[in-house]
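What follows is calculated from the coordinates using simple rules that are stated; it is not laboratory data. Just so it is clear, the structure is predicted and the values come from calculations on it, not from any experiment. Cβ coordinates were reconstructed from backbone atoms using ideal geometry, including for glycine residues, and neighbour counts include every protein chain displayed.
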Amino acid sequence: MNRRYIYILLVILSFVLTGCGSVKYTTESKKLTRAGYVEYDSRYITVGVVQTGSESGRGTSNTDDFIYEFSDSNGYNLICVDSNSDIDRQIKAVYDLIAQQVDYIIIEPITKNGWEDVLKEAHANRIPVIIVGNEIDADESLYECLIGSGYYEEGVSAAKWLESYIKERGWEDEEINIALIEGTENDSITAGRTAGIMSVIDNHSKWKVVDSEYGNFKQNEGYNAMSRILDKNNEIHVLIVEGSTMTIGAMNSMRNHDVSYGVDGDIITISFDVTQAILKKLTKGSLVACVEHNPFVAKVCSNIIQELKEDKKIDKVQYIDENIITYRNASDYVKSHMY
């Protein structure tokens with residue numbers, strides 16, 4: 001096959017993978033596509049975004065938000081990499097972006113650990129890095145700022161809402177057995193949410209976490225985690241799941257085990273990450289409450305990049321506003337909720 005046809009094939013493949021405009025969006029799971037095909041233009045700011053994955057509605061909305069904000073019409077050339085929840089792939093993608101000498105790198109870290117070396121490399125190459133979502137264990141001087149959720153505060157909000165719900169039901173003097181499906185081990189979302197939840201639970205002598213499993217933010221693993229919990233025959237009054245896709249899986253497991261849940265069921269269900277699928281569960285009462293995890297951070301990132309270009313001082317940590325939505329007010333959000 002001659003070089004001309006190889007080039008045409010690469011162009012077609014690039015178009016299929018990106019799905020929109022000039023964005024380079026990599027989703028292939030085995031081989032990390034080098035973005036060497038990117039055509040640089042001095043008129044544009046080249047930004048590399050390394051995401052965790054797009055397996056959920058929130059993840060897709062997060063991707064779309066970056067594509068919309070970092071468009072060529074806004075003065076950007078965007079390289080967007082889906083890490084498929086693989087930390088090794090994610091770090092390799094950052095090294096790739098450094099080698100290409102992009103102008104800025106935005107990272108949504110899967111885990112807290114393992115970032116020091118690659119951040120040092122970016123720093124040595126004078127490429128500013130913005131961390132989105134997860135906190136990381138690395139020298140703060142190696143990145144410009146952290147934009148994200150207060151995961152600890154999210155956990156506190158969920159448990160405080162449970163506190164008020166139990167009081168409303170008149171169950172303050174009863175033993176409350178709680179099962180917890182966490183996200184990913186050593187992940188800052190998981191660590192923050194769990195710590196926030198436990199800070200409230202520990203204040204109640206009659207509240208007890210009877211079981212805890214990891215679901216890795218995936219539906220099938222949420223199903224398996226809940227199945228393991230139910231197979232132990234523990235009496236459970238409350239289930240708190242630290243992610244929307246895991247919640248769907250856990251609900252499927254409870255249904256297959258003939259366990260009732262939700263507002264009128266035996267198990268009070270609380271989740272995180274409000275998606276359209278979760279809103280439907282809330283409006284039907286199968287889910288009692290859910291803490292929002294806002295995916296729309298691209299505009300904040302863009303503003304920070306503009307401030308960095310102008311050598312303005314920026315706050316090291318910036319949080320996104322988030323709410324808690326319940327079965328009582330979920331219908332108010334259905335039409336306006338964007339993911």
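Quick notes on this one:
- For the range 264-269, backbone phi angles converted through the Karplus equation (6.51, -1.76, 1.60; θ = phi - 60°) give residue-by-residue couplings of 9, x, 7, 10, 6, 10 Hz, Gly and Pro being listed as x.
- If you plug the beta carbon distance of Glu168 and Ala99 into 1/(1 + (r/R0)^6) with R0 = 51 Å, you get a FRET efficiency near 0.35.
- For Ser212, nonlocal amide neighbours, meaning residues 5 or more places apart or on other chains whose placed amide H falls under 5 Å from its own, are Leu180.
- Our note on the geometry: Cα centres of the range 220-296 and the range 111-180, 21 Å apart.
- Square roots of five times the Cα gyration tensor eigenvalues for the range 160-230, Å: 24, 15, 10
- When you count the other C-beta atoms within 10 angstrom of each residue and take the mean per peptide, 108-116, 315-323 line up highest first as 108-116, 315-323.
- For Val263, Val288, order by how many other beta-carbon atoms lie within 10 Å, fewest first: Val263, Val288
- Other-chain or far-sequence residues with amide H under 5 Å of Ile176's (modelled H): Trp207, Lys208
- Here's how it looks for Ile324: its modeled amide H is under 5 Å from those of Glu292, which are all 5 or more places away or on a different chain.
- The range 182-199 - phi-based ³J(HN,Hα) in whole Hz, Karplus 6.51/-1.76/1.60, Gly and Pro as x: 8, x, 10, 4, 6, 8, 6, 4, 4, 4, x, 5, 4, 4, x, 4, 5, 5
- With q set to 0.16, 0.21 Å⁻¹, the log10 of I(q)/I(0) for the range 151-293, from the Debye formula over equal scatterers at the Cα positions, is -0.75, -1.40.
- Restraint check, Lys206/Lys280; Lys120/Lys312; Lys218/Lys280; Lys218/Lys299; Lys160/Lys313; Lys112/Lys284, Cα-Cα greater than 25 Å: Lys206/Lys280; Lys218/Lys299; Lys160/Lys313; Lys112/Lys284
- Evaluating 6.51 cos²θ - 1.76 cosθ + 1.60 at θ = phi - 60° for every residue in the range 172-177, the Karplus couplings come out as 4, 8, 9, 5, 10, 8 Hz, glycine and proline recorded as x.
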